[in-house]
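Visitor: Submitted below is the structure of interest, expressed as structure tokens.
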């Protein structure tokens, strides 16, 4: 695993856009116009990259076929730059009609996290032809070990049932199940430490 450089941005965004093409949560969040769905997913992943890059929380696997965006929300998600990036993403990916629905969901999830510092696995993805080769572990294990050494809890959400067992194998536990906005897909809120 290696830190992504700004020159890696297109690769990271492409890995995550491709990896999340059938993701229930992401596809529920973005505006549902088939012609622009991939472009809107790409806007979400671009937001993730831009908002975390300067905090050194984006990683690529050594073979450049997997990527992860980690975050320290209590430290990083502040300031005018973050707000501007968030507004851009909302305009490009959500459409004006869905902003309030998504704000409600993100506020709810944020309230389920601790008010103290924690690490957050925001996004992780591996190109389809490279899954099952340990690349997710390459992206997760070093960060999980570092967080364990400093007693920093780690949080994530998944809406893919098969991923729950993967994260449980890494020591995560489900602390809540939640249907997005009451009518969206089921997500598992998980934590470790």
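Visitor: Going residue by residue through segment 11-34, is there one that turns out to be more than 17 Å from the chain's Cα centre (by Cα) and in a helix (DSSP H, G or I)?
Guide: yes
Visitor: Next question. Name, by its number, the condition in (1) surrounded by 14 or more Cβ atoms within 10 Å (Cβ to Cβ); (2) under 16 Å from the mean Cα position of the chain (by Cα) that does not hold for residue 110.
Guide: Of the numbered conditions (1) surrounded by 14 or more Cβ atoms within 10 Å (Cβ to Cβ); (2) under 16 Å from the mean Cα position of the chain (by Cα), the odd one out for residue 110 is (1).
Visitor: Going by the conditions given, is residue 139 in contact with a strand residue (DSSP E or B) (Cβ under 6 Å, 6 or more places away or on another chain), under 25 Å from residue 46 (Cα atoms) and in a helix (DSSP H, G or I)?
Guide: Spelling it out, residue 139 is indeed in contact with a strand residue (DSSP E or B) (Cβ under 6 Å, 6 or more places away or on another chain), under 25 Å from residue 46 (Cα atoms) and in a helix (DSSP H, G or I).
Visitor: To continue, here is another question. Just to be sure I understand, how many residues within segment 11-44 are surrounded by 21 or more Cβ atoms within 10 Å (Cβ to Cβ) and without any contact (Cβ under 8 Å) to a residue 24 or more places away in the chain?
Guide: Total meeting the criteria: 1.
Visitor: With modelled with pLDDT of 90 or more and either closer than 20 Å to residue 17 by Cβ or touching a helix residue (DSSP H, G or I) at 6+ places or on another chain (Cβ under 7 Å) (or both) as the only criterion, which of 124, 99 stands out?
Guide: 124
Visitor: What pairs can you find where one residue is in segment 82-97 and assigned to a helix (DSSP H, G or I), the other is surrounded by 12 or more Cβ atoms within 10 Å (Cβ to Cβ) and at pLDDT below 70, and their Cβ atoms are less than 8 Å apart, with a gap of 6+ or different chains?
Guide: Final answer for the pair search is 82/76; 90/99; 93/31; 94/31; 97/31.
Visitor: Could you tell me which of the residues 145, 192 is modelled with pLDDT of 90 or more, under 17 Å from the mean Cα position of the chain (by Cα) and farther than 25 Å from residue 47 by Cα?
Guide: 192 is the lone residue from the list that is modelled with pLDDT of 90 or more, under 17 Å from the mean Cα position of the chain (by Cα) and farther than 25 Å from residue 47 by Cα.
Visitor: Can you name the residue in segment 45-70 that is modelled with pLDDT under 95 and more than 18 Å from residue 154 (Cα to Cα) and, of all such residues, is surrounded by the most Cβ atoms within 10 Å (Cβ to Cβ)?
Guide: 45
The values are calculated or read from the model by the stated rules, or taken from the named source; none is laboratory data. On a predicted model such as this, the values are computed, not experimentally measured, just so you know. In this analysis, Cβ positions are derived from the backbone assuming ideal geometry, glycine residues included, and neighbour counts consider all displayed protein chains.
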